[in-house]
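Participant: Okay, here's the structure, questions in a sec.
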Amino acid sequence: MSSMSFHSSRPDRWVKPKPYSDSSLRYKVHGKILPMESEEPGFFARLFGRR
């Protein structure tokens, strides 16, 4: 018997692609799409009462 062990790398994307997911499935998993910028007004906008 040999004491050597076989190590394999994980499967490539071409071999094992991501499963299909439409927009409703993504919404259930991640929630609604949010904008990149923050919704809260900045310091000066709050100071001068602007939104």
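The values are calculated or read from the model by the stated rules, or taken from the named source; none is laboratory data. Just so we're clear, the structure is a prediction, and the values are computed from it rather than from any experiment. Every residue, glycine among them, receives a Cβ derived from its backbone with ideal geometry; neighbour counts consider all protein chains shown.
Participant: Right, Met36: of a type in the set (A, V, I, L, M, F, W, C), in a loop (DSSP other than H, G, I, E, B) and more than 17 Å from the chain's Cα centre (by Cα) or not?
Facilitator: When the stated conditions are applied, Met36 does not pass them.
Participant: On the given criteria, is Gly31 at pLDDT 85 or above and not aromatic (Phe, Trp, Tyr)?
Facilitator: yes
Participant: Here's something else I'd like to know. Of all the residues that make up segment 1-28, how many are surrounded by 10 or more Cβ atoms within 10 Å (Cβ to Cβ) and at pLDDT 80 or above?
Facilitator: Total meeting the criteria: 3.
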